[in-house]
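Derivation of every value follows stated rules applied to the coordinates shown; laboratory data play no part. Since the model is a prediction, treat every value here as computed from it, not as a measurement. Neighbour counts run over all protein chains shown; Cβ positions are idealised from the backbone, glycine included.
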Amino acid sequence: MNQIVVSETSQTIQEQDIKQIDEQNSIFDDKHKISKVQTVLKICLNITIFGFIIAHAAIMGYYFNSKVFFYGVLQYAFVNGVKIFVCLFVLLFSWITKRIAQKLKSLFQHSKRITNLYLSIASTFSILLSVDLVFFMLQFRNISYGPLTIINGDQTQIHWYTTKAGPTALQIGADTYNDTQSSNFHNFLVNSTNFQYQIQNMNTSSYFLPPKISKFVAMTDIHQINKYLSSMDSDYDFNLLVGDYSYGGMPHEFARSFKTMHQKPVIMAVGNHDILGSVDQLVMRETNYYQKIGQLGFYFIYVLNSDNILNCQWVNKSRVDAGIQFLNDNMHLSAADEHVFIVTHQAVYSTGQYGSNPYFAEKMEAFLDSHQNSKIRAVFSGHDHIFASFKRNNQFFFVNGASGGPIDDMYNFGSRSWPTAELNGPLAQNDNSQLGYGNHLSSYMKFTRTEILLETKKINYVVRDLDTNTVINTFEQVIE
């Protein structure tokens, strides 16, 4: 009998041991599950915080035009409406993460302090991002600009933009032109080159283009920074703008570029950033076109991509071919012109970030060699945010220097950037893809504009430092 009791007691103890082991395994499994949940939530919180940091940095960089690492793809993505979606998505993701943390707070007994720290950081960036969004939305208040008087064929295009879409009117002398369309962009074509006009609710403006041009100014890559354009002297006949007035072709960017400027005529090329948006409402021309101004002839060609922000800065061979074909087909238009200039946002030669594209450079060299008697004096370009000058067969090639956008480094593509802010004379070429280095004159990492002074047998290209308003170089071209 005693033996049976002992046996039953032993069995009970064994069952208790097994139960205790099962409970311990269950606790271990629960802790393992908790650890996994904690790890997942920490990763989510890290992603949220990182997203807030990037979004905060990108918005501030975009608003204040800071040149920092996110100045590229992130900023460009923000330009095209994705900015608000991304911000709202990050805020929503943060809120969902926080709600999950609150629901599963019992799982955080062993790391409560760390969790609270993460949530505090996420909340801080939520506040920062909200402030940034307010700053950003303020850009869309009162974004009117203009008027701009744009040379357009044998007519004058009067262009302006109003914050509120609606009808408006233009008065020239006794004639009134009504725009009844409900649009923010307003454009009128006028058959005159000398007149005064008044736009409804705006001051009276005047427009005059002399029959013979004595001086014009070339500027490029304004990128929303108006201070150099608005502070210019008015002792010139018209302004040649070589592209990139924006980062994404948006109206509020054009407004920042053209908010204040002299009422001088302008002629405009399209830049790779402008073409992504509504630039066709500003530059009412084909990307390749010819324009006669007084005794001068200008050929505009566009050779860069235009489909999206990720590759619009690179040369498109099909566009190069189309541009060269346009030049060949239309050179007869400038037969009576005294001086001829080619304008292309992409440089033929450059010491800047994008440099020269071999396909484009070789095509341009072949074209110029086959038109030695066509009176082509110079090629004006932008794209690279530096000033650079080259001379080949008494023809000048200018990268006209940033007139607002951040200054880039100068590059020798075999060894990347030169450790200097100024280069002079022919350059050693470390990369065979970079053409024209043997024709190099001078390069400067400065905000500049080029002033073109026209005489009977001579043209002076005067390079002016926009920060100091001093002349840093003058290139003389004798016309044979």
Checklist outcome for this item: In whole Hz, the Karplus estimates of ³J(HN,Hα) for segment 196-212 (6.51, -1.76, 1.60; θ = phi - 60°; x where Gly or Pro) are 10, 8, 9, 9, 3, 6, 10, 6, 5, 10, 10, 9, 8, 10, x, x, 10
Item to check | Residues Asp244, Asp369, Asp465 arranged by fewest to most Cβ contacts within 10 Å | outcome: Asp369, Asp465, Asp244
Item to check | Interchain or long-range residues, amide H under 5 Å from Phe447's placed H | outcome: Leu466, Asp467
Item to check | segment 331-345 - phi-based ³J(HN,Hα) in whole Hz, Karplus 6.51/-1.76/1.60, Gly and Pro as x | outcome: 5, 5, 5, 9, 4, 8, 6, 6, 9, 10, 10, 10, 10, 8, 4
Checklist outcome for this item: Scalar couplings 3J(HN,Hα) for segment 367-372 by Karplus 6.51 cos²θ - 1.76 cosθ + 1.60 (θ = phi - 60°), nearest whole Hz, x for Gly and Pro, are 5, 5, 5, 8, 10, 5
Next on the checklist: Applying a 10 Å radius around every beta-carbon, put 452-464, 288-300 in order of their mean neighbour count, most first.
Outcome noted: 288-300, 452-464
Checklist entry - Tally Lys and Arg at +1 and Asp and Glu at -1 over the other residues with C-beta under 9 Å from the C-beta of Ser403: what net charge comes out? => result 0
Next on the checklist: Let's see if you can work this out: charge +1 on each Lys and Arg Cβ, -1 on each Asp and Glu Cβ, no other charges. What is the dipole magnitude of segment 209-478 about its Cα centre, in debye to the nearest 20?
Outcome noted: 400
Checklist entry - So what's the net charge close to Thr456: Lys and Arg +1, Asp and Glu -1, counting the other residues with Cβ under 12 Å from its Cβ? => result +1
